[in-house]
Every structure is written in C-alpha cells, then in structure tokens.
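The values are calculated or read from the model by the stated rules, or taken from the named source; none is laboratory data. Nothing here was measured: the structure is a model prediction, and the numbers come from that model. When we count neighbours, we look across all protein chains shown, and the Cβ atoms used for this are built from the backbone with ideal geometry, even at glycine. Remember, those area values only see protein heavy atoms, side chains included, never the ligands or the DNA or RNA. Shrake-Rupley method; radii C 1.70, N 1.55, O 1.52, S 1.80 Å.
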Amino acid sequence: MTDKAANTNTPPVRPLCLIPGPVEMSETVLQAHSTPATSHTDPRFVEAFGQVIEMLREVVGTTTAQPFVVAGSGTLGWDQTAANLVEAGDKALVLSTGYFGEGFADCLETYGAD
C-alpha cells in the first residue's frame with residue numbers, strides 16, 4: 001500500500017467543504033444520512049419532527065410560538081420571506097457584504113421592494 005494514512009493509525013481525511021451553505025457534518029450525522037429514508041407520515045418521523053419543533057422553541061425562547069421548518073436552501077427561505085412579507089413599494093434595507101446579500105436584495109426587488 002502506498003497510501004500514507006494506511007501506514008499510520010489516523011483515518012484518511014475527507015475533503016473540507018468551505019463553500020457557503022452546506023456545512024461539515026460529524027460521522028454520526030453522516031451515518032444517520034446513510035439509513036433508508038423515512039416517510040413524513042411515519043410515526044417515527046412525526047415524533048422526531050415534534051421534538052425538532054420543541055427544541056426550536058427553546059432556541060428562540062418561546063413556549064407558544066410555532067416555528068416554521070423549511071426543507072430547502074437559504075434562497076428558498078429568502079423567497080418565502082419576500083413573498084409573504086413584501087408588498088410593492090415597501091422600503092427594504094439589505095446590509096450586503098457580497099454575493100448572497102446582493103442576491104437577497106434582488107429577491108426583494110422582484111417582489112416589489114424599493
């Protein structure tokens with residue numbers, strides 16, 4: 001074997017993902033992702049989703065508000081926010097530091113924000 005890692009007790013290192021959006025995941029999370037998909041109607045999913053809602057309530061400091069969980073990208077979140085909160089002529093301030101800030105500004109303009 002010529003693999004340097006094979007000559008040591010350290011496992012090979014996965015490539016480090018440094019792009020915005022996706023994040024590095026622990027081995028535990030990667031293993032969980034390797035299991036068969038669970039239907040949204042499966043009682044195990046319903047229970048796990050309920051736990052997610054309760055934990056999100058704790059994170060945002062509420063016992064009564066209903067967190068809204070979105071399965072999608074950050075840009076989907078922008079679109080949902082703009083579509084539901086922006087009306088033509090509304091003033092919007094976007095503090096942008098680059099590509100994603102400019103994208104959010106464009107999204108708001110698409111829905112009529114000034």
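Brief remarks follow.
- Scanning the stretch 65-77 for residues that are open to solvent by 60 Å² or more (accessible area, probe 1.4 Å) and closer than 23 Å to V23 by Cα turns up F68, V69, A71, S73, T75, L76.
- Selection of the stretch 44-64 for residues being within 18 Å of the chain's Cα centre (by Cα), open to solvent by 60 Å² or more (accessible area, probe 1.4 Å) and farther than 30 Å from G101 by Cα yields F49, Q51, E54.
- Positions within the stretch 27-43 being open to solvent by 60 Å² or more (accessible area, probe 1.4 Å) and assigned to a loop (DSSP other than H, G, I, E, B), in sequence order: S34, T35, P36, A37, T38, H40, T41
- Conditions (1) within 20 Å of the chain's Cα centre (by Cα); (2) in contact (Cβ under 8 Å) with a residue 24 or more places away in the chain; number of the one not met by A37: (2)
- Among the residues of the stretch 85-111, those that are surrounded by 14 or more Cβ atoms within 10 Å (Cβ to Cβ), of a type in the set (G, A, S) and closer than 12 Å to T75 by Cα comprise G103, A105.
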